[in-house]
Structures are given as structure tokens and as C-alpha cells.
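See structure below.
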Amino acid sequence: MAGRINDEDVKAVRDAVPIDAVVSEYLQLRPGGGGNLKGLCPFHDEKSPSFHVSPSKGLYHCFGCQEGGDTLDFVRKMEHLSFSEAVERLAAQAGITLRYEQGGYSPGRQAGERTRLLEAHRAAARFYAERLASPEAEIGRVFLAERGFEPAAAEHFGVGYAPAGWDHLTRYLRGAGFTDKELLLAGLAQDGRRGPIDRFRGRLMWPIRDITGEVVGFGARRLREDDNGPKYLNTPETPIYRKSQVLYGIDLAKKDIANSNRAVVVEGYTDVMACHLAGVTTAIATCGTAFGGEHVKILRRLLMDSSASHRAGEVVFTFDGDAAGQKAALRAFEDDQKFAAHTFIAVSPGGMDPCELRIAQGDGAVKELVDSRSPLFEFALRSVVDRHDLDTAEGRSAALEHAAPIVAQIKDAAIQHEYAVRLAGLVGIPDQQFVVRRVGQLAQWSRQRQQQSRGGPAAAPPAAAAPAPLAPAPGGPALNLRNPAHLGERELLKLALQFPESVAPAFDAYGEDEFTAPPYAMVRRLILEAGGVATADDGYLDRVREAAPDDAVRVLLNELVVEPLQLPRRRQGDLTGYAGSRLVEVRLAAVQRRMRQLESDARRAEAQSGNTTAADSRHELWTLQQYATALRERGVAALYG
């Protein structure tokens with residue numbers, strides 16, 4: 001049975017790997033206010049960023065889907081790992097040696113399934129890369145050289161060679177401690193008559209890496225005429241490889257995609273290599289499948305592809321000029337509306353792919369191909385129109401009916417109008433306004449269908465940042481924690497969690513009853529159980545989160561830790577003054593509630609003959625009135641006497 005990882009080592013891993021560095025491996029982050037960062041959530045599809053990261057607190061939270069946690073939680077959810085696997089992965093990244101209780105550490109015995117499969121692929125990639133220098137691999141080196149790839153390029157992309165024998169890799173990995181079951185599960189081996197044999201034999205090998213740089217599969221290119229297999233053979237679906245969720249070259253291209261706000265989608269491994277070597281370092285490719293919805297999500301997160309973005313991104317598709325290439329481009333067009341970015345297509349005049357173009361005309365021609373892109377809408381429009389005989393009225397009518405829905409899909413109203421006018425010219429219909437009206441009518445019908453699918457015309461889309469109702473009273477209305485009536489309490493708790501020193505020691509004297517929202521009263525109690533703000537140290541937030549009774553409260557804690565403070569412009573840079581005003585606001589509201597209660601008690605007592613409690617109520621009321629006046633006049637100083 002696997003041993004438990006030492007608690008001190010777990011804490012060391014959390015502290016050693018900054019959460020923003022880990023999250024940035026998967027999506028682009030931009031400043032979100034208050035020292036926090038924000039981006040498009042990787043756990044649900046959204047149009048504007050509601051995913052916040054707090055580097056100083058080591059936590060993340062999405063205000064759209066309520067996912068949140070620390071660095072380990074993020075890695076676990078992104079990679080579908082167990083707790084131990086997530087710790088092991090980040091420990092390896094940070095160079096930390098883990099200690100295991102209950103029997104010590106045995107890598108082959110204790111590593112999780114995913115970790116073992118990744119280790120097997122890592123070893124396989126080394127094996128293939130080393131074999132590229134063997135005499136048998138001469139045919140592979142010639143293949144690369146003919147396409148303009150020097151040995152340094154092959155090394156940069158990790159290109160290797162799979163020997164032609166039945167079980168070279170299988171025997172190698174067995175010697176490294178991997179079991180037959182692991183090799184079959186990883187897709188590196190397949191069942192033979194007498195046991196597992198190598199899946200890839202006598203082929204040029206490209207390691208396929210995920211966005212973090214881990215090898216999760218391989219693409220194998222046929223080299224010999226007597227190889228009866230397909231031209232390209234890819235790793236089958238495995239626990240770590242889903243071809244619909246992987247983009248070749250994404251590990252190398254992700255930073256430049258985020259920085260340049262452009263991604264270039266090509267068709268093959270050699271095209272990615274050619275583009276990168278030519279200076280187009282944002283090139284990526286799918287792995288044996290069409291570009292689809294999951295690929296869109298990956299690029300949207302890297303491009304910060306939101307409708308609220310002030311910097312429109314670009315996705316450029318390059319396809320061969322033949323019929324298959326045009327068909328692939330039209331499939332990509334179907335996913336266009338999933339992007340907020342502008343989509344383009346680049347097809348070289350001779351119909352050459354980027355690899356062929358680089359061989360024929362050099363690096364400059366590849367860059368020029370991408371720079372000379374044209375809008376994908378225009379390409380799709382022309383492709384549809386060209387299928388019809390425009391010399392006849394019937395052909396022109398059919399072309400309009402097939403092409404108008406394409407124009408109606410365009411999100412930008414101004415661009416939609418421009419393309420409607422252009423469509424009239426392409427089809428040869430002199431009445432431009434007729435075409436514009438037809439497109440507008442189709443666009444309106446499309447919007448109405450979308451509204452009905454969401455629950456009818458009157459149904460309003462849900463606010464992306466609205467938190468789920470938390471702990472409502474049984475049978476009562478849902479509690480809206482963003483109600484202005486609770487704003488002061490929310491801000492004070494954010495200060496107590498994010499900047500405890502700013503409200504110490506006054507906050508520790510506040511009672512739970514000073515927080516009118518039950519979830520906020522719960523958070524106040526948890527802070528007290530963690531020792532209060534006056535004793536806040538490096539483990540303060542961990543103690544607060546560990547004391548939470550359930551996931552709903554932990555979600556609220558994550559929100560309060562990563563949500564930026566609502567500092568007014570005049571308060572920017574004055575955290576102490578802002579904290580003082582929130583302390584006074586919450587205390588004054590509590591005093592005023594108590595005063596109203598006392599006034600009510602006194603009036604009832606005075607109305608009842610023989611009731612002697614009115615004097616006590618009036619005395620306490622007078623005392624609180626003096627305190628309220630002091631709070632208004634002296635502010636935070638009144639809290640200290």
C-alpha cells in the first residue's frame with residue numbers, strides 16, 4: 001500500500017511552486033486588480049474572464065462556476081490526478097525529494113497510474129531520440145534532411161526513430177521497471193501472439209506533448225514502402241492522451257501565442273516545425289483529427305479570447321489548396337463563432353503546405369503566407385457561391401439562400417452589413433438592400449432560436465460573476481451575498497483574510513452577530529478559530545480553510561481571498577484608511593441595529609404598567625448613542641476607546 005506523503009513535504013511543495021506560474025501553463029493571465037490575476041476559466045466555457053488567481057495567497061477561484069482551491073487543487077482538477085500524484089508532479093517540477101510515511105518510497109510501487117504512464121512516455125521519448133542516430137535510422141535522417149530539417153531541429157522538437165524490430169522499446173521499458181500492463185495501457189505496446197510488442201516500428205517519431213510539456217503520446221510517420229500501415233499512426237486514446245484535447249507544438253508556442261495574441265493552425269508535424277524554424281513560433285497542429293471544440297477552448301484560454309477583451313486576437317488556419325484542404329477549412333469555419341477572436345485562412349498560391357513552401361522559397365515565404373491571410377468568412381462565402389451557376393436566375397437565388405446564413409452568423413453588426421453588401425456583388429444581385437434585409441432577417445431568427453433554447457425570449461442570461469446562493473434559511477428566499485446591504489461586511493472579511501494586519505487588532509473584538517449574513521458570520525467564527533487576525537502568520541489562511549465545515553463555506557472563503565477590494569479611486573494606495581472605514585461601517589451598523597431594538601423594547605415596557613425594564617433600556621440606548629456619535633466623529637480611533 002502506498003505510503004502517506006510527509007505533511008512538511010506537502011507544505012514545502014505548495015510554497016515552492018507559485019500558483020500563478022502553474023496556472024499560466026494552461027491559460028493567459030492578466031492583472032485583475034488588488035495584486036490578483038484573471039483569465040478565462042479552464043473548468044467551464046465562458047465569454048468574459050471570471051477566473052481569479054491570488055499569487056500572494058496561493059489560491060484561485062472562479063466566480064462563474066465556483067471552482068477554487070490552492071495550487072494542488074488546480075493541478076488535480078486540470079490533470080485528473082489524485083492528491084499524491086499532484087504532489088509528486090509539482091515536487092518533481094520544484095526538485096523536492098518527498099518522504100513517505102508507513103514504509104518509505106518506492107517509485108515503481110507508489111506512483112499513481114497517471115504518473116507512471118507519463119514516466120513511461122518520458123523514457124520512450126528518450127529511447128526514440130537516441131535511436132535517431134543509429135545506422136538503421138538513416139532513412140529517417142534523410143527524410144528530415146530532404147524537408148530542410150537539420151539535426152538541431154530534430155533535437156529541438158524531440159524527433160526520434162522507432163526500430164523496426166518487434167519489441168525493442170518493450171524490452172527497454174521492462175528493463176526500466178515498467179510492467180506489461182502499464183505499456184499496454186500507455187499505448188506504447190500492443191498485444192502480440194506471444195505477449196506485448198512495440199506499437200510503433202520502423203517509423204519516424206514525433207513526441208506529442210500537453211500544454212505543460214509532458215509527453216502524452218506519439219505521432220509516427222511511415223518511411224518504407226513495405227510498411228502496410230497508414231502514412232501517419234498516432235497513439236490510441238489512453239488515460240493521458242485524448243486527441244481531441246491535444247495540439248501538437250502547444251508547449252513551444254503557448255507563450256508566443258499569449259504575447260502576440262495570434263495562433264496559427266497548420267495541418268501536420270512537419271508544418272509546425274517549418275513554421276517555427278521560419279519564425280512563425282505560434283504554429284500548432286491537431287493530432288490525427290479535425291480541429292474541434294476542445295481545441296477552441298485551449299486557444300481561447302491562451303488568447304484571453306473574451307468578448308470584453310480590448311485587444312482582438314487572431315486565429316489563422318493554413319490548409320492545402322486542394323479539395324481536402326478546402327473541406328478542412330470549411331470545417332474550421334463551423335467553429336468560428338466559438339471564438340471572439342478574428343479568424344483567417346492562409347492558402348499559398350501554389351497550394352503548398354508550410355513545409356513545402358519553406359523548402360521551395362525559404363523562411364520569408366512562410367512568414368509572408370501567414371501575414372497575407374484573408375478572413376475565413378470571406379473564404380467560406382466564396383466557396384459556397386462558387387458551387388452555383390451564377391449565369392442563371394435560379395443559380396443566383398440558390399447561391400444567395402446558401403450563402404446568406406453564413407453572413408448572418410457574423411457577430412459584429414458592422415462587419416455583417418459589409419459582407420451582406422459584398423455578397424450581393426458576388427452573387428450578382430443589383431438590389432443590395434434586398435440582400436441586407438435577407439441577412440438581417442436570418443440573423444434575427446437565429447437570435448430568437450437561441451433565446452428560446454435558453455428558456456424563452458424573456459429569459460435573461462445568468463450573470464457570470466454571481467455566486468451561488470449559500471446556506472439560505474429553510475423555506476426562505478435565497479441569500480444574495482452581493483446585495484449592497486452586505487457590501488461592508490464582505491469587504492471587511494476580505495480585508496481580514498487578505499490583509500489581516502490592516503484590521504488588527506480591532507477586528508478580533510467583533511462578534512458574529514455584527515455580521516448579518518449567516519455565511520459571513522460563519523467566516524467570522526472560522527477566523528476566530530484560526531487564532532484571529534492579530535496572530536496571522538504564513539499558516540493563517542490554511543487554518544481558516546481547514547476549519548471550514550463543508551465545501552460551500554470553502555468556496556465562499558476562496559471567493560473572499562481572491563476577490564479584489566472595491567477601493568474607491570480616492571482611496572487607492574490608502575489601505576489603512578480604507579480598512580478603518582470598513583471597520584467603522586460594520587460596527588456602526590451593528591450599533592444602530594441594537595439601538596433600534598432597544599428603542600422598541602423601551603417603548604413596549606413603557607406601555608405596560610408595572611414594567612420596570614424601560615429605564616435600563618433607555619440607559620443602554622443613551623450609551624450607544626454616545627458611541628455612535630464617537631464613531632461618526634472620530635472614526636476608527638473610537639474603536640480603541
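What follows is calculated from the coordinates using simple rules that are stated; it is not laboratory data. All values reported here derive from a predicted model rather than from experimental measurement. Cβ atoms come from the backbone with ideal geometry, glycine included; neighbour counts cover every protein chain shown.
Which value, to two decimals, describes the C-alpha radius of gyration of the stretch 185-247 once divided by 2.2 N^0.38 Å? Display every interim value, and only then the final one.
On the way: Rg = 12.5 Å, N = 63, 2.2 N^0.38 = 10.6 Å.
Taking N as the residue count of the stretch 185-247, the ratio is 1.17.
Under the definition of Cα pairs under 8 Å and six or more residues apart, what whole-number percent is the relative contact order of the stretch 107-228?
On the way: 164 pairs, mean separation 33.5, N = 122.
Reported as a whole number, the value is 27 percent.
Below 8 Å, C-alpha to C-alpha, sequence gap of six or more: please give me the relative contact order for the chain in percent. Mind dumping the intermediate values first?
Working: 962 pairs, mean separation 67.6, N = 641.
Rounded, it is 11 percent for the chain.
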Karplus-derived 3J(HN,Hα) from phi for the stretch 542-554 (6.51 cos²θ - 1.76 cosθ + 1.60, θ = phi - 60°), whole Hz, x at Gly and Pro, runs 4, 5, 5, 5, 5, 7, 4, x, 7, 5, 4, 6, 5
Taking loop as defined by DSSP and a crowding limit of 14 other beta carbons within 10 Å, which trypsin sites (Lys or Arg not before Pro) in the stretch 542-627 fit?
none
Calculated FRET efficiency, residue 387 and residue 176, Cβ-Cβ r, R0 45 Å, to nearest 0.05?
0.20
Could you go through the stretch 436-445 in sequence order and give the Karplus-derived ³J(HN,Hα) for each residue, using 6.51 cos²θ - 1.76 cosθ + 1.60 with θ = phi - 60°, rounded to whole Hz, and x for Gly and Pro?
4, 5, 4, 5, x, 5, 5, 5, 5, 4
Angle between the Cα long axis of helix 487-498 and the longest principal axis of the chain, 0 to 90 degrees, nearest 10?
70 degrees
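Using the number of other C-beta atoms within 10 angstrom as an exposure proxy, rank 373, 171, 193 with the fewest first. Intermediate values should be presented prior to the final figure.
Values: 373 21, 171 13, 193 5.
Final ranking by Cβ density, sparse to dense: 193, 171, 373.
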What angle do you read, to the nearest 10 degrees and between 0 and 90, between the alpha-carbon axis of helix 413-427 and the longest principal axis of the chain?
20 degrees
Find the eigenvalues of the gyration tensor of the Cα atoms of the stretch 486-640, then list the square roots of 5 times those eigenvalues as equivalent ellipsoid semi-axes, largest first, in whole angstrom.
33, 19, 13
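Set the Förster radius R0 to 30 Å, insert the Cβ-Cβ distance between residue 626 and residue 570 as r into 1/(1 + (r/R0)^6), and round the FRET efficiency to 0.05. Write out the running numbers ahead of the final one.
On the way: r = 30 Å, r/R0 = 0.99.
Approximately 0.50, to the nearest 0.05.
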Neighbour-count ranking [beta-carbon atoms within 10 angstrom, fewest first] of 266, 523
523, 266
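Apply the a/c threshold of 1.5 to the C-alpha gyration tensor of the chain and tell me whether it is rounded, prolate or oblate. Provide the component values of the computation, followed by the final result.
Values: a/c = 2.91, a/b = 1.51, b/c = 1.92.
In terms of gyration-tensor shape, oblate.
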Length gained, residue 487-residue 146, 0.36 nm per residue minus C-alpha separation, equals 116.1 nm
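Rg to Rh ratio, the stretch 552-611, alpha-carbon atoms and Kirkwood radius? Please report the intermediate quantities before stating the final value.
On the way: Rg = 19.5 Å, Rh = 15.2 Å.
That ratio equals 1.28.
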What number results when the radius of gyration of the stretch 101-249, computed over Cα atoms, is divided by 2.2 N^0.38 Å?
1.06
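Percent relative contact order of the stretch 389-453, based on C-alpha pairs within less than 8 angstrom and at least six residues apart?
Taking the mean separation of contacting Cα pairs over the length of the stretch 389-453, I get 32 percent.
Give me the number: length gained by fully extending residue 166 to residue 546, i.e. 0.36 nm times residue separation minus the C-alpha to C-alpha distance, one decimal in nm. It would help to have the intermediate numbers written out before the result.
Values: separation 380, 0.36 × 380 = 136.80 nm, distance 5.33 nm.
Here the answer is 131.5 nm.
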Using 18 Å as the Cα-Cα cut-off, could you pick out the over-long pairs in 57/297; 38/255; 77/297; 38/297; 57/494; 47/254?
57/297; 47/254
In the stretch 535-572, whose amide N lies under 17 Å from the spot 7 Å out along Cα-to-Cβ of residue 11? List them in ranges.
535-547
Using only helices, what value at 222 nm comes out for the chain when you add -39,500 (n - 2.57) per DSSP H run of length 4 or more and divide by the total residues, to the nearest 500 deg cm²/dmol?
-15000 deg cm²/dmol
Rounded to whole Hz, the Karplus (6.51, -1.76, 1.60) HN-Hα couplings of the stretch 143-159, x for glycine and proline:
4, 5, 5, 5, 9, x, 9, 6, x, 5, 5, 4, 5, 4, 8, x, 5
